Amino acid sequence: RVLITGGLGQLGVGLANLLRKRFGKDNVILSDIRKPSDHVFHSGPFVYSDILDYKNLREIVVNHRVTWVFHYSALLSAAGEANVSLARAINITGLHNVLDVAAEHNLRLFVPSTIGAFGPTSPRNPTPDLCTQRPRTIYGVSKVHAELMGEYYHYRYGLDFRCLRYPGIISADSQCGGGTTDYAVQIFHDAVKNGKFECYLKPSTRLPMMYIDDCLRATLEVMEAPAEALSLRTYNVNAMSFSPEEVAQEVLKHIPGFQITYNVDSVRQDIADSWPLNFDDSNARKDWGWKHDFDLPELVMTMLSFHGSDSRVAQAN
Ligand code: VAH
């Protein structure tokens, strides 16, 4: 059985849908501390899970015979800077609980890391898997800690720990919260609904980004890769990099008259300026055959047709 923690965040429901297709609906348990919508609740098993409650976590693993865990509970970059003590508790103490339960029950454990695990002294163009990591957010620090602890538990206790550093993930049917890359999710919704978008990052702020379908496929592929194929415990995965002005140009092709304006938020601008410009994911491509499907034109087409705007796209499909 598979358990997804933090399952009601941006990625959990989509991951549950993918895994339920693969392993069967009743073998994938979604969990969070919040109540799911009726739709999510009726789409498959859901349990309450507070990763700060070690006992609760152990009960779930034993009672549901969990063998794989995808650990998505975390405060993201901007939310973490607004509440450092909560981010430290969730992202670090919560991670420790999950590591201990995984080691105790010999679970296969996936923990997502991020472009945010790098900082201003990391090589930025491109950023390789192995290099200096001195991030300047509690989010980034906690994710470097997760990478190091997961690797330690792998070599010390034999824990099958696997980790991907995600770019900013773009999704249409799920809301993200508290991220620095969230502008790239909101722009499509606003472009469709209002024909305009106010961006909190500067026009030229380039960041690695990935469409959610590529992200979830990469996650399942690395978890199903044969152990002997993995030369690393943590891999960068990449699809594209773009800036607000570049994605706005692409949107304009589909929505004539679309207007982007800029109202820079210095907190999130500083975070973005400390992150990679381009991600080197050659190890993932070499070790377990990673390759992305969506680049910028496909991303924009997909996001706009999801928001039901672009008549030409609708006709094309
Ligand atoms: C954030 N979307 O902005 C998340 C992600 C790579 C960025 O970690 O914090």
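Just wondering, is there one or more residues in the stretch 96-103 that are within 18 Å of G9 (Cα to Cα), more than 14 Å from the ligand (Cβ to nearest atom) and either of a type outside the set (S, T, N, Q) or assigned to a loop (DSSP other than H, G, I, E, B) (or both)? There is at least one residue in the stretch 96-103 that is within 18 Å of G9 (Cα to Cα), more than 14 Å from the ligand (Cβ to nearest atom) and either of a type outside the set (S, T, N, Q) or assigned to a loop (DSSP other than H, G, I, E, B) (or both). Total residues in the stretch 133-148 satisfying the condition of being in contact with a strand residue (DSSP E or B) (Cβ under 8 Å, 6 or more places away or on another chain) and within 11 Å of the ligand (Cβ to nearest atom): the figure is 3. The single condition among (1) touching a Gly at 6+ places or on another chain (Cβ under 9 Å); (2) closer than 13 Å to T180 by Cβ; (3) buried (at least 23 other Cβ atoms within 10 Å of the Cβ) that P167 does not meet is (1). Reported count of residues in the stretch 64-87, each being touching a strand residue (DSSP E or B) at 6+ places or on another chain (Cβ under 9 Å) and part of a helix (DSSP H, G or I), is 1.
Checked against the criterion of being among the aromatic types (F, W, Y), touching a residue at least 40 places away in the same chain (Cβ under 8 Å), within 16 Å of the ligand (Cβ to nearest atom) and within 20 Å of V69 (Cβ to Cβ), the candidates Y211, Y235, Y200 yield just one match: Y235. Considering each residue of the stretch 174-184 in turn, none proves to be of a type in the set (D, E) and more than 11 Å from the ligand (Cβ to nearest atom). As a summary of the residue check, E151 satisfies the conditions (1) away from the ligand (no atom under 16 Å from the Cβ); (2) in a loop (DSSP other than H, G, I, E, B) except for the one numbered (2). Considering only residues in the stretch 55-82 that are within 12 Å of the ligand (Cβ to nearest atom) and within 20 Å of C163 (Cβ to Cβ), the one that is surrounded by the most Cβ atoms within 10 Å (Cβ to Cβ) turns out to be S77. Answer yes or no: is there a residue in the stretch 260-271 that is buried (at least 17 other Cβ atoms within 10 Å of the Cβ), touching a Cys at 6+ places or on another chain (Cβ under 7 Å) and closer than 23 Å to F110 by Cα. No, that holds for no residue. Please work out which one of (1) farther than 16 Å from L296 by Cα; (2) of a type in the set (A, V, I, L, M, F, W, C); (3) away from the ligand (no atom under 14 Å from the Cβ); (4) part of a helix (DSSP H, G or I) is the condition L130 fails and give its number. Just one mismatch for L130, condition (4).
Rule-based calculations on the coordinates, nothing more; no lab input. Just so you know, these numbers come straight off a predicted model, no measurement behind them. As a convention, Cβ positions derive from the backbone with ideal geometry for all residues, glycine included, and neighbour counts pool all protein chains shown.
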